[in-house]
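**Student:** Sharing a structure here in structure tokens format.
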Amino acid sequence: MTLSPTTAPDPRGLDDAGTVDVAVVGAGQAGLSAAWHLRRRGFVAPWEPAAAGRRTFVVLDGEDGPGGAWRHRWKSLRMATVNKVHDPPGMALPTVDPAEPSRDAVPRYYAAYEREADLPVVRPARVTRVESSRPDDGASPLRVTLADGRTLLARTLVNATGTWTKPFWPYYPGQETFLGRQLHTADYVRAEDFAGQHVVVVGGGISAVQLLAEISEVATTTWVTRREPVWRDDEFTQRAGHDAVALVDERVRAGLPPGSVVSVTGLILTPALRAAAARGVLVRRPMFDRITPDGVAWADGTEQHADAILWATGFRAALDHLAPLHLRGPGGGIVMDGTRVVGEPRVQLVGYGPSASTIGANRAGRDAAREVSRYLDALPAPAK
Ligand SMILES: Cc1cc2nc3c(=O)[nH]c(=O)nc-3n(C[C@H](O)[C@H](O)[C@H](O)COP(=O)(O)OP(=O)(O)OC[C@H]3O[C@@H](n4cnc5c(N)ncnc54)[C@H](O)[C@@H]3O)c2cc1C
């Protein structure tokens, strides 16, 4: 066997892996948690000498290195300014310098975690398509195709692909005529890039207000949102967090799309945001109606010049590769029971909906490992 997690993948390596019991797709917090729990349950990498007769798993990650989406966070999102990164199972996050950018500290930690827990992560391995290997047999292994053409058969799939790779840009008339710069949160690097400019920040979520606050230190800004933002002045207690997760869980059980985090948590007034409010920055205007070459315009005839429009309009679940499985129902979402896709018992979704946080991802990883074990236990012996 030529493929190992620490060597450059041999193009034939995954084919040599035969049919694995579980393919975990994505190595952010959710995928790492699932992988850790699978290891704990005795699953091994297909290339391990001890693999014969054991259940096998691999982790396929689209990145060039460890860290999941944290590799791409903007530089000023420091360990002191993230909400909280919860320890993945089995290994505590070491004490870090609060001033260190999260995009350095978290990937360094995940790299150590993958090594210590001996997780069989293959990268870069971007999955482009997952389908039934026998379309008329809902218990047949799934065929997993990678961007480079490699394929793998997997009896079950734990999908942990997060949202970062699927930024959401709404369309407004005139968008293509704008002569300034348009960018999404996913493209944002540093406030200094906008020094002396006028920036229109679009969006009512946590990223929008954080970026608005920091850009407003070096540029003038206009803030627009579709709905009036809901601020919460109280502390975001464990109880409030629990209630927010329960609301999202209810939505996905009913087959609705999960909705944004802030729609259930509200916006928390952090010290940085209080300071921005005191500078008069958090004055929200309703959404503009169209984009002009020079800026944005409202139906009442008012216009605002802009050098840049920052679309802090969120992300969607990165599930395009699962389209051949037709998981979405009429409500636009995927009917879920915990991490299990109700209509497709071979697939678990972790880091999706109620588990889209580092703490939720930890629990979902554990639950998904339990669910796939149950599924494999119930498979008729000849199919294994
Ligand atoms: C700006 C920002 C700040 C946040 N701060 C916090 C915080 O402080 N605390 C908190 O709990 N949560 C925070 N979150 C939410 C956070 O994203 C999650 O909590 C968690 O880190 C997501 O983990 P994940 O494993 O689901 O996804 P990710 O970390 O996004 O990992 C997904 C992985 O899957 C890979 N992938 C995607 N598609 C494919 C594919 N087709 N094939 C193979 N691999 C693929 C990606 O490349 C990536 O490596 C924040 C989110 C944002 C946007």
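The values are calculated or read from the model by the stated rules, or taken from the named source; none is laboratory data. Because the structure is predicted, anything quoted here is derived from the model rather than measured. Ideal geometry is used to build each Cβ from the backbone, glycine not excepted, and the neighbour counts take in all protein chains shown. Note: accessible area is taken over every heavy atom of the protein model, side chains too, but ligands, DNA and RNA are not part of it. Shrake-Rupley method; radii C 1.70, N 1.55, O 1.52, S 1.80 Å.
**Student:** Restricting attention to the stretch 22-75, report how many residues are away from the ligand (no atom under 16 Å from the Cβ), in a strand (DSSP E or B) and open to solvent by less than 10 Å² (accessible area, probe 1.4 Å). Write out each step before concluding.
**Tutor:** First pass over the stretch 22-75, keeping only residues away from the ligand (no atom under 16 Å from the Cβ): 39-56.
From what's left, in a strand (DSSP E or B): 44, 56.
Add one more test, that the residue is open to solvent by less than 10 Å² (accessible area, probe 1.4 Å), and what stays is 44.
Residues meeting the conditions: 1.
**Student:** Moving on to the next point. How about the stretch 282-293: which of its residues are open to solvent by less than 80 Å² (accessible area, probe 1.4 Å) and in contact with a strand residue (DSSP E or B) (Cβ under 6 Å, 6 or more places away or on another chain)?
**Tutor:** Of the residues in the stretch 282-293, the ones open to solvent by less than 80 Å² (accessible area, probe 1.4 Å) are 282, 284-289, 291-293.
Residues satisfying the conditions are R284, R285, M287, F288.
**Student:** With respect to the numbered conditions (1) touching a residue at least 60 places away in the same chain (Cβ under 8 Å); (2) of a type outside the set (S, T, N, Q); (3) not in a loop (DSSP other than H, G, I, E, B), which one is the sole condition not fulfilled by L247?
**Tutor:** The number of the failed condition is (1).
**Student:** For the stretch 149-169, enumerate the residues that are among the charged types (D, E, K, R) and modelled with pLDDT under 95. Let's see the steps before the verdict.
**Tutor:** Keep residues of the stretch 149-169 that are among the charged types (D, E, K, R), which gives 150, 155, 166.
Across the stretch 149-169, the qualifying residue is only R150.
**Student:** Across the stretch 210-242, which residue is least open to solvent (accessible area, probe 1.4 Å) among those that are at pLDDT 75 or above and under 21 Å from the mean Cα position of the chain (by Cα)?
**Tutor:** First pass over the stretch 210-242, keeping only residues at pLDDT 75 or above: 210-232, 242.
Checking the rest, the ones that are also under 21 Å from the mean Cα position of the chain (by Cα) come to 210-211, 242.
Details: Q210: 51, L211: 0, H242: 113 Å².
Filtering the stretch 210-242 for residues that are at pLDDT 75 or above and under 21 Å from the mean Cα position of the chain (by Cα), the one least open to solvent (accessible area, probe 1.4 Å) comes out as L211.
**Student:** Considering only residues of the stretch 353-362 that are open to solvent by less than 20 Å² (accessible area, probe 1.4 Å) and more than 6 Å from the ligand (Cβ to nearest atom), which is farthest from R316 (Cα to Cα)?
**Tutor:** G360
**Student:** Next question. Are there any pairs, at least 6 apart or on different chains, whose C-beta atoms fall under 8 Å, with the first in the stretch 198-220 and of a type in the set (D, E, K, R) and the second assigned to a helix (DSSP H, G or I), and if so, which?
**Tutor:** From residues that are of a type in the set (D, E, K, R), the pairs are E214/A191; E214/A272; E217/A191.
**Student:** For a quick check of your reading of the model, give me the residue pairs whose first member lies in the stretch 66-79 and is aliphatic (A, V, I, L, M), whose second is more than 6 Å from the ligand (Cβ to nearest atom) and open to solvent by less than 30 Å² (accessible area, probe 1.4 Å), with beta-carbon atoms closer than 7 Å and at least 6 apart or on different chains.
**Tutor:** Final answer for the pair search is L77/P101; L77/S102; M79/S102; M79/A105.
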